[in-house]
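J.: Questions regarding the structure given below will be posed in turn.
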Amino acid sequence: MRAPLYSSAPLLRLAAVTLVAWAAPLSAQGTEPSSGAIDAQVWSVVSTTVVEHDIAGMAATYHPDAVVVTPQGTMPVARALAGWGQAMEVMKRNGSRASVAFRFSLRQDGAETAFESGMFNYAVTDSAGATTRYIIPFEALIVRKNDRWLIVMERQFAAADETAWNAMAR
């Protein structure tokens, strides 16, 4: 039996070098100019709309075809927003206040697309002053359409605790 006329080793090295060269810039992202634009157009807006009980403003941060994924299943963002909007109305009637803060463990932000992973800390303070916190790990896929950043997928995981939140970089 004759040996092959070529060795696959150089091809494997080339493939590995190409993969590393392509993937390396992704790990360095998060300090991209787009991260600041995403903060301004998505996360700051979501934070403000939670405080102001403004479901229409929150809806504007999502692509109309966005999907929300929770441990219970998936749903179109319109259905999630309807539920969140009802909760906002109840809180407003009851004199409750809410706020949300975000921390990120990974931000792969490019010029047209982004993947972000982290936690949000959603706090509700009732009219008696008692505060309940919900610390939720999440992932989001975000796209840039017509110079606006929009969430196309938000995945929420099972709740975390205050220790995990405090361990997350600010």
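J.: Please state the relative contact order of region 99-170 as a whole percent: Cα pairs under 8 Å, 6+ residues apart?
T.: Numbers: 143 pairs, mean separation 20.1, N = 72.
So the answer I get is 28 percent.
J.: Just the number: Rg to Rh for region 55-120, Cα atoms, Kirkwood Rh, two decimals.
T.: Answer for region 55-120: 1.01.
J.: Let me ask another. Using a 7 Å offset from the Cα along the Cα-to-Cβ direction at both Arg155 and Thr131, what is the distance between the two label points in nm, to one decimal?
T.: The two pseudo-label positions are separated by 3.0 nm.
J.: Follow-up question, since we're still on this one. Could you work out the relative contact order of region 24-170, using alpha carbon pairs under 8 angstrom and six or more residues apart, expressed as a whole percent? Mind showing how you got there, number by number?
T.: Details: 271 pairs, mean separation 35.7, N = 147.
Reported relative contact order: 24 percent.
J.: Return the sequence-ordered ³J(HN,Hα) values of region 122-130 in whole Hz as given by the Karplus equation 6.51 cos²θ - 1.76 cosθ + 1.60 applied to θ = phi - 60°, using x for Gly and Pro.
T.: 3J(HN,Hα) across region 122-130, in whole Hz: 9, 10, 10, 10, 7, 5, 8, x, 7.
J.: Enumerate the amide H contacts of Met153 below 5 Å, restricted to partners 5 or more residues apart or on another chain; note that Pro and chain-start residues carry no placed amide H.
T.: Answer set, sorted by chain and number: Val67, Leu141.
J.: If you don't mind, another one. Using the Karplus curve 6.51 cos²θ - 1.76 cosθ + 1.60 with θ = phi - 60°, work out ³J(HN,Hα) for each residue of region 45-50 in order, rounded to whole Hz, and write x for Gly and Pro.
T.: 5, 4, 4, 5, 5, 5
J.: Sticking with this one: If ligands, DNA and RNA are left out, what is the accessible area of Lys92 with a 1.4 Å probe, given in Å² to the nearest 10?
T.: Rounded to the nearest 10, that gives 100 Å².
J.: What distance in nm lies between label points placed 7 Å from Cα along the C-beta direction at Glu89 and Ala164?
T.: 3.2
J.: Kindly report the accessible area of region 83-170 per residue (heavy atoms of protein chains, probe 1.4 Å, no ligands, DNA or RNA), in Å². Working shown, then result.
T.: Working: 4920 Å² over 88 residues.
On a per-residue basis, 56 Å².
J.: Using the Karplus curve 6.51 cos²θ - 1.76 cosθ + 1.60 with θ = phi - 60°, work out ³J(HN,Hα) for each residue of region 148-155 in order, rounded to whole Hz, and write x for Gly and Pro.
T.: Rounded to whole hertz, the list is 10, 8, 9, 6, 9, 8, 10, 10.
The values are calculated or read from the model by the stated rules, or taken from the named source; none is laboratory data. None of these values were measured; they are calculated from a predicted model. Here the Cβ is made from the backbone with ideal geometry for all residues, glycine too, and neighbour counts use every protein chain on show. We work out accessible area using only protein heavy atoms, side chains counted, and drop any ligands, DNA or RNA first. Shrake-Rupley method; radii C 1.70, N 1.55, O 1.52, S 1.80 Å.
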